[in-house]
Amino acid sequence: MFGLEKPAGQPKSGRSGGFPNMASVGDFNVLSSSIPATKVELSVSCRNLLDRDTFSKSDPICVLYTQAIGNKEWREFGRTEVIDNTLNPDFVRKFIMDYFFEERENLRFDFYDVDSKSPNLSKHDFLGQMFCTLGEIVGSQGSRLEKSIVGIPGKKCGTAIVTAEELGCCRDSVLMQFCANKLDKKDFFGKSDPFLVFHRSNEDGSFTICHKTEVVKNTLNPVWQAFKISVRALCNGDYDRTIKVEVYDWDRDGSHDFIGEFTTSYRELSRGQSQFNVYEVINPKKKGKKKKYVNSGTVTLLSFLIETEVSFLDYIKGGTQINFTVAIDFTASNGNPSQPTSLHYMNPYQLNAYGMALKAVGEIIQDYDSDKMFPALGFGARLPPDGRVSHEFALNGNPQNPYCHGIDGVMEAYYRSLKSVQLYGPTNFAPVINHVARYAASVKDGSQYFVLLIITDGVISDMAQTKESIVNASKLPMSIIIVGVGPAEFDAMEELDGDVVRISSRGKFAERDIVQFVPFRDYIDRSGNHVLSMARLAKDVLAEIPEQFLSYMRVRGIKPSPAPPPYTPPIHVLQTQI
């Protein structure tokens, strides 16, 4: 993942060479063929580290570990350089990580005082460690997390400061337009029907298709429409990587005739319209056969415009808050909570289906909610003391203040409610959707976005009203996640998801897709007691949120607020004693 070249400003200690798998300055694998969500660069600083050296200050290094999803093992990700004689290091080497909003990435930063050239960490003095998630860093104000270093009982170990910055090269798109002249005539009765196919080269010399233009009918001098493509898709951020462009004559039966090809690169294309961007289209077979063959026409770049895409992270950094509300289905179709067959079974030894789903999804999203206070609602139960049926009651029993502290607070309120309410019916979603929509309707400036998590057994009674609520909510800054628990058929939930057919009500279609449905049973073992992959569940549940969020912002023309200025460490004046 990381190269070992010497970074600018290499500290005076020559020891760093002894450490394997060094994190380098801004070096990352541009040749990997997968296109990750976003690359984030982490910078690490410390303040007031422990001093483990007798005659001088510590010589610190930072080692980053990530946690494996399945077996929870910590694996070393990379190391910074060693900086001599300081308790307040600002490490030059960065850690560059793939950032997926939908995955909870646990991180551990270990700090050591390096005493020799040995790469074996047990040979050095441990200075403490800091635990956090990547989401916690990104979700902090200015994407800068300051947290105490722990791990040595009875000692103050100082503070770690980790700043995240999204790497710019991931984010550019280009708007390009091409035309061609005097292409070979391929059709018997008319001229050719040309189109272009773009491929990026891979490490192994193979090519991956990344764009096709439209077909321009019956011409040897086509002008194609301008098209937009991400730099990632075009060359994966490597400006000198070969881009191969093939020219075909379209045929109705799909056996398109090859006219010819040429190669270029992002760097060449970025010169824009010039004599450098007129390409001869060559057909190698023709060239081999005909001595007088010159070319099969030319293709010219007419325009090249770079656009920087805004991302979900830009809004979070600019201060947009994600507000998370939980709504739990307390209807009788879930079964009696005192029976083991119930989805709400109050098992003293392990979480029930509702508890497992709530914990898995809630832990991911809570990193993005700065105050960690979540309104938690229930629907479909009879409430004490008079047994009235409610479709939006506060789990904590306080309708004026339904907020619970963190996901643990929501879990506690859920289990408390189970003991006091009577499961009843019908199963109405519209009231809780409208509840969140009222809040979302009052803040449409992009400063807040609302996510409603509904956990249900999927038996819905108010389908028509729910569809209407969703169509109305699709104009608001909100998304709805539905997690279906239990063995029921979830056809109605699939319909609400709207991935296949956009949801509509009374002839009005939803402005955008805002619902994501996930059947919980796909992620648990046969006994129903264990989630096979909490991470996979959370990933699938939350995968659509960034795009739903961006679609709202784009339609409304809301740009991210500028992020607060980057943190500049204070200059430490060395006190010399006289």
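The values are calculated or read from the model by the stated rules, or taken from the named source; none is laboratory data. As the structure is a computational prediction, the values presented were derived from the model and not from experiment. Don't worry about glycine lacking a Cβ; one is built from the backbone with ideal geometry, like all the others, and counts go over all protein chains shown. Calculation scope for accessible area: heavy atoms of the full protein, side chains included, ligands and nucleic acids excluded. Shrake-Rupley method; radii C 1.70, N 1.55, O 1.52, S 1.80 Å.
Miscellaneous remarks
- Estimated FRET transfer efficiency when R0 is 30 angstrom, pair Lys289-Asn181 (beta carbons, to 0.05): 0.85
- Calculated FRET efficiency for the pair Asp491/Gln275, C-beta based, R₀ 60 Å, to 0.05: 0.50
- Just so you know, the Cα atoms of the chain work out to an Rg and Dmax of 29.1, 98 Å.
- Taking θ as phi - 60° and the Karplus parameters 6.51, -1.76 and 1.60, the scalar couplings of the range 132-142 work out to 6, 10, 4, x, 5, 5, 4, x, 6, 4, x Hz in sequence order, x denoting glycine and proline.
- Kirkwood Rh and Cα Rg combined as Rg/Rh, the range 188-293: 0.98
- Relative compactness, the range 299-397, computed as alpha-carbon Rg over 2.2 N^0.38 Å: 1.73
- Per-residue SASA remark: Lys123, around 120 Å² accessible (1.4 Å probe; ligands, DNA and RNA not included).
- Sorted largest first, the principal axis extents computed over the alpha-carbon atoms of the range 38-166 equal 47, 32, 28 Å.
- In the full protein context, the chain carries 47 Å² of accessible surface per residue, based on a 1.4 Å probe and ignoring ligands, DNA and RNA.
- Projected label distance in nm at Val150 and Asp386, using a 7 Å step from Cα toward the beta-carbon: 4.7 nm
- Euclidean distance of C-alpha centroids, the range 116-145 and the range 198-246, integer Å: 41 Å
- Bridgeable lysines around Lys94 (alpha carbons under 16 Å apart, same-chain partners fewer than 8 residues away excluded): Lys6, Lys39.
- Share of alpha-carbon pairs per 10 Å distance bin for the range 83-143, given as whole %: 17, 41, 30, 12, 0
- Projected label distance in nm at Phe126 and Trp74, using a 7 Å step from Cα toward the beta-carbon: 0.8 nm
- Cβ-defined net charge surrounding Thr264, 14 Å radius [Lys, Arg +1; Asp, Glu -1]: -1
- Modelled this way, with points 7 Å down the Cα-to-C-beta line, the labels at Asp371 and Ala332 are 3.9 nm from one another.
- In this calculation the C-beta distance from Arg512 to Asp251 is compared with R0 = 56 Å, giving a FRET efficiency of 0.90.
- Pairs of Lys residues in the range 320-556, spaced 8 or more positions apart or belonging to different chains, with C-alpha separations under 24 angstrom: 11 in total.
- Gain in span if fully extended, Asn347 to Ser56, counting 0.36 nm per residue against the direct Cα distance: 99.0 nm
- Heavy-atom accessible surface of the chain: percent carbon and sulfur, 1.4 Å: 51 percent
- For the range 75-228, the convex hull drawn through the C-alpha positions has a volume of 206 cubic angstrom per residue.
- P(r) for the range 370-504, from all Cα pairs and a bin width of 10 Å, is 11, 40, 37, 12, 0 %, short bins first.
- Across all directions, the average flat footprint of the convex hull enclosing the Cα atoms of the range 320-556 is 12.2 nm².
- Each peptide among 92-99, 393-400 gets the average number of other Cβ atoms lying within 10 Å of its residues, and from highest to lowest they stand as 92-99, 393-400.
- His211 - accessible surface, heavy atoms, 1.4 Å probe, Å² rounded to 10: 40 Å²
- Order by protection proxy (mean Cβ within 10 Å, highest first), peptides 243-251, 273-281: 243-251, 273-281
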